[in-house]
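Below is one structure, written out as structure tokens; the observations come after it.
The values are calculated or read from the model by the stated rules, or taken from the named source; none is laboratory data. These numbers were taken from a predicted model, which means no experiment stands behind them. For neighbour counting, all protein chains shown are included, and Cβ atoms are generated from backbone atoms with ideal geometry for every residue, glycine included.
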Protein chains: 4
Amino acid sequence: MKASDDMAAEGRRTARVVQERSISTRAELLDGAARVFSRLTYAEARLKDVADESGISAGSMYFHFGNKVDLAQAILQVQQERMTAALTEVLEQELTGLDALLAIADRLSQLIASDITVQAGIKLGLQPGTGLDADANGPYFEWIRITESLIRQGGEDGSIKPELDAAAAAEYVNVVFVGAQLLSEIEDTWASFPERFQRVRPHIVGFLSSQPRD
Amino acid sequence: MKASDDMAAEGRRTARVVQERSISTRAELLDGAARVFSRLTYAEARLKDVADESGISAGSMYFHFGNKVDLAQAILQVQQERMTAALTEVLEQELTGLDALLAIADRLSQLIASDITVQAGIKLGLQPGTGLDADANGPYFEWIRITESLIRQGGEDGSIKPELDAAAAAEYVNVVFVGAQLLSEIEDTWASFPERFQRVRPHIVGFLSSQPRD
Amino acid sequence: MKASDDMAAEGRRTARVVQERSISTRAELLDGAARVFSRLTYAEARLKDVADESGISAGSMYFHFGNKVDLAQAILQVQQERMTAALTEVLEQELTGLDALLAIADRLSQLIASDITVQAGIKLGLQPGTGLDADANGPYFEWIRITESLIRQGGEDGSIKPELDAAAAAEYVNVVFVGAQLLSEIEDTWASFPERFQRVRPHIVGFLSSQPRD
Amino acid sequence: MKASDDMAAEGRRTARVVQERSISTRAELLDGAARVFSRLTYAEARLKDVADESGISAGSMYFHFGNKVDLAQAILQVQQERMTAALTEVLEQELTGLDALLAIADRLSQLIASDITVQAGIKLGLQPGTGLDADANGPYFEWIRITESLIRQGGEDGSIKPELDAAAAAEYVNVVFVGAQLLSEIEDTWASFPERFQRVRPHIVGFLSSQPRD
DNA sequence: CATGAATGAGTTTTCATTCAT
DNA sequence: CATGAATGAAAACTCATTCAT
């Protein structure tokens, strides 16, 4: 049995190496795709561009992702993972409702400005009808829900004016956040988003905060 | 010579009929294209979709609009005309800076919610790199400029707090307007835009108005 | 209204011409496809071969038949129409059960030997799992049913031994017919089918006929 | 020198183990291929299907069989071996011409119904133009020759009517055998072939046998 | 020997655009 | 002017085969 043990051992070693190559290829592919989808519409994007951009053969793309839709969906998934991660990271710290809300918005504005995969995901999410997951912008609505619950929490922990209508306040916060995001996208593909958000942030604070600030 | 007179007369009549048909065809084409471009990306949209949607043959499109890009550009132009018309209409009334600003925003929110060509234009304007006029979203920046000048005017006519930084205030107003627009687009393709804007409008008024309101 | 009447009239004339061209193109395409599918497996057949064989551009194929499967299905349909036509033609003559049965077999053996579209249909029908209509060989079973009913009829009209088990007799007839067909296909792509069937035909007659023959 | 003896011994053991694995892999591969080719056309069959079906990696196939054509040819060879074996087994018994003919037919009908590799071989043999051995259905013609010679032998040994034209009689026998086979293939992939053949067998016996039977 | 990722040469399919009628 | 069939260039996708481990 020694021989087959050896073979098994070698098999495992080989497998790991192969798997690593596979993983890195997949990552490069996702990266290239993110770059392409962040500057082009889904239908405009050519898979050849993705292949060239990532230095991977077109055939290989079909080994890792069955087709164009799946590739786009993979990007959407990464986007959601990263945004969720940012969210949870903040929520794990024990902050007041207001601080958590602001921390999340700050965090997300930076993430969106710096992470091209997240940018690609946002663009893809806004153009359904492609075969992409119908609820691609489920995250949007989740984000709205979270905003509302944090405002309610802030009302209880004293950081936010308790008399506010949570739903209406949440809508306002989201309008401001999303508006800043869209203007930044138009102007310089999100590069200015964090600063722009900082400029309008005081309006949110002033509206929500129970502490008079100047 | 009577016969040829008849023929000439008939020719004129024919010409008129043909011309009328041409005009209506062109209109139907634009309408169909607007419906298509308002729900699909430029690259996703098939000219066959436009043909089917408008009940006009594909070949005919090439008589009226040289090609796909020109068709899209025609829509962008209509959009700009209609938005500009709304703008001028308000500006022609002699209103205070604040009232003009709010009237324009109200007007535009209604126009966007109700006019599918305008909707199509907005979507097209947000996806450059297509061969569409590079400065397709020139209107955005023009709108920002107008906002700023109205705020400055409001500072002078007393309707708006004079101590405000006009540029910063304009940015805030636009962030709110654009944010409400985007959320409405996502939720129900702009149908809820006017109401949503009315809900956030008080924040704008509260921030700008020199008159304390409750 | 004279002008538009003229236009309508011209429209009709144009439409007819266009339609004729369309029909002939479609026919040539079907013909070329039949030639290709009669010598190659569905999966082996290249659409380029069909295009070349019929002198029609590849793109045009997709105008007339949406895709490869539909093209194959169109051939199957033509095959079924032609075989059904042969069948009905015989059945319309008032023949005895035996004569009808034999006439149909004769007719079909000639049709199969001479009509390349029918040949293509037979081959296609025998290779499902392609996306072709699952019941592509429904005709086979229909044919078996008809055989059985003619034998029963022959039992009643006195042309066929009444004591025969119709189902079993039908199976035998079909086995012989189909066997002759398959051997002819292998040997010379059906060219020898009619003669071969004539050689084995007496076995069928001897078995079924109520009249002693030598 | 003991160490190197050990190594040599282990080397031999390893070699044997490897060799055994090789043999079983080859067998599984052939089996999987048979299953795939028995339900799909050569061109439809994906080597990946074979790999999945046999649980062997695609790359490994290329070690054992140079390429797709060779794999198919290996199956054809197994089919021919098994059919020939059945044939010779019967021929080795000293039977009359008629009994030998019937025994062979019975044997083959059972073999075809039960052996998926034989089924695969039959299907492959009927789709040339693939790159498979041109005379893939040589066996068919060989079988016809054997039939004829057994009929002639039967004429001499008294088991078959001596006045029969051997060639014509052989054709009839083959038509019936092949017809039953094809109908069974269509109906239930050969499962019913033995029974069906038994149902039509009396026609063959009645035609050939020199002994009046009822 | 086995594995499975990678490749590239084909194939199918799509669609803007042209053009004869 | 309108129509819709035809075209071709480009895109998506497939898969036998190779090859590093």
What is the number of the single condition among (1) aromatic (Phe, Trp, Tyr); (2) over 28 Å from D:Tyr42 (Cα atoms); (3) touching a residue at least 40 places away in the same chain (Cβ under 8 Å) that D:Phe197 does not meet?
(2)
Please go through the stretch B:86-110 and pick out each residue that is within 30 Å of B:Ala43 (Cβ to Cβ) and buried (at least 21 other Cβ atoms within 10 Å of the Cβ).
B:Leu108, B:Ser109
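Rundown of residues vs (1) farther than 16 Å from B:Ile122 by Cα; (2) touching a helix residue (DSSP H, G or I) at 6+ places or on another chain (Cβ under 9 Å); (3) near DNA strand E (Cβ under 8 Å from one of its atoms); (4) aliphatic (A, V, I, L, M), yes/no style:
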{"residue": "B:Lys48", "(1), (2), (3), (4)": "yes, yes, yes, no"}
{"residue": "B:Gly55", "(1), (2), (3), (4)": "yes, yes, no, no"}
{"residue": "B:Phe65", "(1), (2), (3), (4)": "yes, yes, no, no"}
{"residue": "B:Val69", "(1), (2), (3), (4)": "no, no, yes, yes"}
{"residue": "B:Ala72", "(1), (2), (3), (4)": "no, yes, no, yes"}
{"residue": "B:Gln77", "(1), (2), (3), (4)": "no, yes, no, no"}
{"residue": "B:Met83", "(1), (2), (3), (4)": "no, yes, no, yes"}
{"residue": "B:Leu91", "(1), (2), (3), (4)": "yes, yes, no, yes"}
For residues that are in contact (Cβ under 8 Å) with a residue 12 or more places away in the chain and within 12 Å of DNA strand E (Cβ to nearest atom), tally how many sit in the stretch C:30-44.
6
Condition first: away from every other protein chain (no Cβ under 14 Å) and assigned to a loop (DSSP other than H, G, I, E, B). Now tell me which residues in the stretch D:188-211 satisfy that.
D:Ala191, D:Ser210, D:Gln211
Qualifying positions in the stretch C:166-182 - at the interface with another protein chain (Cβ under 10 Å from one of its Cβ atoms) and either within 18 Å of C:Leu102 (Cβ to Cβ) or not in a helix (DSSP H, G or I) (or both):
C:Glu171, C:Tyr172, C:Val173, C:Asn174, C:Val175, C:Val176, C:Phe177, C:Val178, C:Gly179, C:Ala180, C:Gln181
Residues that are in a helix (DSSP H, G or I) and of a type outside the set (A, V, I, L, M, F, W, C): does the stretch C:128-137 have at least one?
no
C:Glu185 vs. criteria more than 10 Å from chain D (Cβ to nearest Cβ) and outside any loop (DSSP other than H, G, I, E, B):
no
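Before we move on, is C:Ala27 at pLDDT 95 or above and more than 13 Å from DNA strand E (Cβ to nearest atom)?
no
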Considering every residue within the stretch B:130-142, establish whether at least one is within 12 Å of DNA strand E (Cβ to nearest atom), under 23 Å from A:Glu185 (Cα atoms) and modelled with pLDDT under 95.
yes
Could you tell me which residue of the stretch B:33-75 is farthest from DNA strand F (Cβ to nearest atom), considering only residues that are of a type in the set (Gly, Ala, Ser) and within 14 Å of chain A (Cβ to nearest Cβ)?
B:Ser38
